[in-house]
Structures are given as C-alpha cells and as structure tokens.
1. How many residues, within region 77-93, are in contact with a helix residue (DSSP H, G or I) (Cβ under 9 Å, 6 or more places away or on another chain), open to solvent by 60 Å² or more (accessible area, probe 1.4 Å) and among the small types (G, A, S)?
2. Check region 49-65 and report whether any residue there is touching an Asp or Glu at 6+ places or on another chain (Cβ under 9 Å), free of Cβ contacts under 8 Å to residues at least 40 places away in the same chain and over 18 Å from K23 (Cβ atoms).
3. Can you name every residue in region 38-76 that is under 11 Å from the mean Cα position of the chain (by Cα) and either open to solvent by 80 Å² or more (accessible area, probe 1.4 Å) or among the aliphatic types (A, V, I, L, M) (or both)?
4. Would you call I32 modelled with pLDDT of 85 or more, among the aliphatic types (A, V, I, L, M) and either at positive phi or open to solvent by 90 Å² or more (accessible area, probe 1.4 Å) (or both)?
Amino acid sequence: MKIRISKRSTKMYGKSLSDNTLKAVIIGCGRIAGGYDEEKHISSSILSHAGAYIKNNKFELIACVEPVDSRRKSFMEHWQIEKGFAKLSELSP
C-alpha cells in the first residue's frame, strides 16, 4: 500500500491539517485502534492509534477496516470517519 500526501489545508476534529498531511487507515477497530481512548475515564493520555492520529495534525484518518459491522460503524461514528470497509480487499489503492 502506498502512502499518499494530501495537498490541502482544512479543519478536522478541531485541528488544522497541514499541506503535507499523511492519510491513515486503521485496520481492525478494537481497543488499541480506538477503544481505549473512547473510554476517557481510564486515562488522560493517548492510548490508541486513532487518538494519536487525531491529535497529530500531520495525519488525516480517512478510513477503517473491520469485519464486524457494529464495531466498524461505532468506530466510524466516534472518530468521525466517513469510509469503512469490511475487508482489506475493498480498500482501493
């Protein structure tokens, strides 16, 4: 999979995205992917991949891959991700 650089500037998750934003896809929507940070009462630190991507303005979280529909939809809603896929093969290059 190639990493592409987005040449745009916008606001997402209350942060400004830089001109050289790297697009990120999370594969698997379990606790380390984002679940630990969805439960903020556990810690004030960043504990998940999604939390780290959202906090860093060099990344734009654009999609997730998760075979379990309910988990994928919940993850997408919480992290404001527009694209979600059940299989990695559905993700276009």
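The values are calculated or read from the model by the stated rules, or taken from the named source; none is laboratory data. Small disclaimer: the values here were computed from a predicted structure and weren't measured. Using ideal geometry, Cβ is built from the backbone for each residue, glycine included, and neighbour counts are taken over all protein chains shown. Calculation scope for accessible area: heavy atoms of the full protein, side chains included, ligands and nucleic acids excluded. Shrake-Rupley method; radii C 1.70, N 1.55, O 1.52, S 1.80 Å.
1. Number of matching residues: 0.
2. Checking region 49-65: not a single residue is touching an Asp or Glu at 6+ places or on another chain (Cβ under 9 Å), free of Cβ contacts under 8 Å to residues at least 40 places away in the same chain and over 18 Å from K23 (Cβ atoms).
3. Hits for region 38-76 are H49, A50, A52, I54, K55, L61, I62, A63, V65, M76.
4. yes
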